[in-house]
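Taken together, the values in this text are just the output of simple stated rules run on the coordinates, not laboratory data. No experiment lies behind these values; they were computed from the predicted model shown. Using ideal geometry, Cβ is built from the backbone for each residue, glycine included, and neighbour counts are taken over all protein chains shown.
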DNA sequence: CTATTTACATACATCCGCGTTTGTATAAAC
DNA sequence: GTTTATACAAACGCGGATGTATGTAAATAG
């Protein structure tokens with residue numbers, strides 16, 4: 001019994017991506033072998049090469065799935081009467097995604113720490129469209145905050161946006177690299193509050 | 001003529017570390033072969049294995065050299081009458097080190113983007129003693145700023161320190177990944193000023 | 001019901017990088 | 001002036017990962 005139905009094949013494909021995530025996380029992308037991925041998925045390398053051209057394509061297939069939750073869940077409401085609260089909520093939501101979506105969290109950990117940005121992966125170093133969009137939305141939210149008068153005087157929305165952007169990136173990175181029971185994770189909420197409070201009038 | 005004098009050997013060792021940095025930066029640590037490193041250094045793999053146990057040891061030898069400039073140049077003056085200005089200066093100094101010490105900059109780029117944190121490299125994920133020290137010094141500087149009354153009211157030094165710590169990390173990372181002529185690099189000074197200004201009374 | 005395609009498993013050939021070993025000319029020790 | 005240790009170069013053997021080629025049983029198309 002080798003040949004499977006179309007749905008079975010799709011399941012195999014997902015199993016392969018799941019297995020790849022596990023192996024990448026443990027061994028790093030470079031040291032991960034397609035043999036390991038296949039065996040974790042309960043198949044052979046033949047299945048891998050059937051569904052994907054090579055390890056690179058498998059990696060990007062895995063990566064794509066992790067981006068979706070963010071565009072869905074991290075949104076800014078332009079009608080919000082307190083844009084700063086919206087920013088604060090967005091920051092908390094980012095961390096929350098990492099909390100309740102282990103696959104996304106693991107993929108981010110791989111992208112952040114278990115992958116070398118050379119050759120085929122070099123392009124990943126630049127900000128993604130999603131990141132740039134997040135940066136832009138931060139700027140717009142800060143601009144609205146300024147108009148509504150909840151912002152401290154004399155602050156440039158763009159500079160604030162970048163500051164928060166870097167803060168968010170650092171937050172994610174340190175949250176990922178910290179142990180679940182570590183002191184850092186408990187303090188995240190307070191850090192987010194402090195960060196936003198600094199901007200309030 | 002094979003056997004060299006002790007000084008010659010030391011020169012070879014440095015050449016190897018320089019070559020390793022170049023190759024690591026171009027190929028990533030995993031894809032870097034000791035053959036490439038050796039040939040760039042103008043020697044053979046024999047020389048590499050004479051001076052270093054393996055690629056890992058060569059990597060850490062390279063890494064160690066990049067940490068020194070920071071402990072030397074990023075200092076906080078406890079007697080400073082404006083600790084916030086001291087923090088601002090420290091942040092600027094960090095970027096300045098990257099500007100005028102290409103080797104340090106390249107090593108940081110390798111550590112940030114061209115290296116997978118698994119197995120022997122997994123320990124690197126945690127904050128180094130130097131980083132923790134930087135974090136601590138930030139906290140103390142903010143505490144002094146509070147005592148001198150230059151800090152905004154109601155701010156906790158520790159939270160501020162962490163915010164600045166994440167900011168600095170993000171700043172370095174984005175500075176490294178940005179092109180020399182990119183808009184981002186020109187805006188760094190303003191971003192540092194904004195970041196610190198947010199905390200001023 | 002037959003033909004063909006699918007979804008893999010299996011087998012094969014190749015190359016690459018690593019660690020080790022051996023060789024060797026010279027510097028340093030005595 | 002020997003002897004020994006040094007600082008490499010050159011050669012060896014090895015496993016491991018990759019990509020491809022082939023085999024094959026079942027699903028699907030006609």
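With the label put 7 angstrom out from Cα along the Cα-to-Cβ vector, residue A:197 ends up 2.3 nm from the copy partners, going from closest to farthest.
Between residue A:153 and residue B:200, the simple label model (points 7 Å from Cα in the Cβ direction) yields a spacing of 1.5 nm. Label sites at residue B:129 and residue B:73, each approximated as a point 7 angstrom past Cα along Cα to Cβ, lie 2.2 nm apart. Semi-axes of the equivalent ellipsoid for segment B:104-154, computed as √(5λ) from the eigenvalues of its C-alpha gyration tensor and ordered from largest down, come to 34, 12, 9 Å. On the principal axes of its alpha-carbon atoms, segment A:1-113 has extents of 61, 32, 21 Å, going from largest to smallest. For segment A:120-141 and segment B:108-152, what is the separation of their C-alpha centers, rounded to whole Å? Between the Cα centre of segment A:120-141 and that of segment B:108-152, the gap is 24 Å. When each of B:177, B:32 is scored by the number of other beta-carbon atoms lying within 10 Å, the sequence from fewest to most is B:177, B:32. How would segment B:127-201 be classified by its alpha-carbon gyration tensor: rounded, prolate or oblate, with rounded meaning a/c under 1.5 and the a/b versus b/c comparison settling the rest? Verdict is oblate for segment B:127-201.
Binning the alpha carbon pair distances of segment A:1-52 at 5 angstrom intervals from zero yields the distribution 5, 23, 32, 23, 10, 5, 2, expressed in whole percent. Within the protein assembly as shown, the proportion of Cα pairs with more than 37 Å between them is 30 percent. Over chain B, the fraction of Cα-Cα pairs per 5 Å bin, rounded to whole percents and listed from the shortest bin up, is 1, 7, 14, 16, 15, 13, 11, 8, 6, 4, 2, 1, 0, 0, 0. Segment A:1-79 and segment B:1-42 have Cα centres spaced 37 Å apart. Mean separation of Cα pairs under 8 Å and 6+ residues apart, divided by the residue count of segment A:67-197: what relative contact order is that in percent? Dividing the mean separation by the residue count of segment A:67-197 yields 29 percent.
Chain A residue nearest the axis that carries A onto B, by Cβ, with distance in whole Å, is A:30, 2. Per residue of peptide A:111-120, the mean number of Cβ atoms on other chains within 10 Å of the residue Cβ is 6. Over all pairs of different C-alpha atoms in segment B:52-139, the reciprocal of the mean inverse distance, the Kirkwood hydrodynamic radius, equals 14.5 Å. Rounded to the nearest 10 degrees, the angle from helix A:157-177 to the longest Cα principal axis of chain A is 40 degrees.
Relative to a virtual label point 7 Å from the Cα of residue A:184 in the Cα→beta-carbon direction, which members of segment A:82-115 show backbone nitrogen distances below 20 Å? Answer for segment A:82-115: A:91-115. Between residue A:65 and residue A:26, the contour length at 0.36 nm per residue exceeds the Cα-Cα span by 12.1 nm.
Over segment A:1-52, Cα pairs under 8 Å with separation of 6+ residues give a relative contact order of 32 percent. The same position residue A:9 in the other copies lies at 6.3 nm from this copy, comparing label points 7 Å beyond Cα toward the beta-carbon, shortest first. Could you state the angle between the C-alpha long axis of helix A:183-197 and the longest principal axis of the C-alpha atoms of chain A, as a value from 0 to 90 degrees rounded to the nearest 10? So the inclination is approximately 40 degrees. For chain B, take the longest principal axis of its alpha carbons; what is the angle in degrees between that and the long axis of helix B:102-113, to the nearest 10 within 0 to 90? Value to nearest ten degrees: 90.
Measuring label to label, 7 Å along Cα→Cβ, what does residue B:92 give against each other copy in nm, shortest first? Going from nearest to farthest copy, the values are 3.8 nm.
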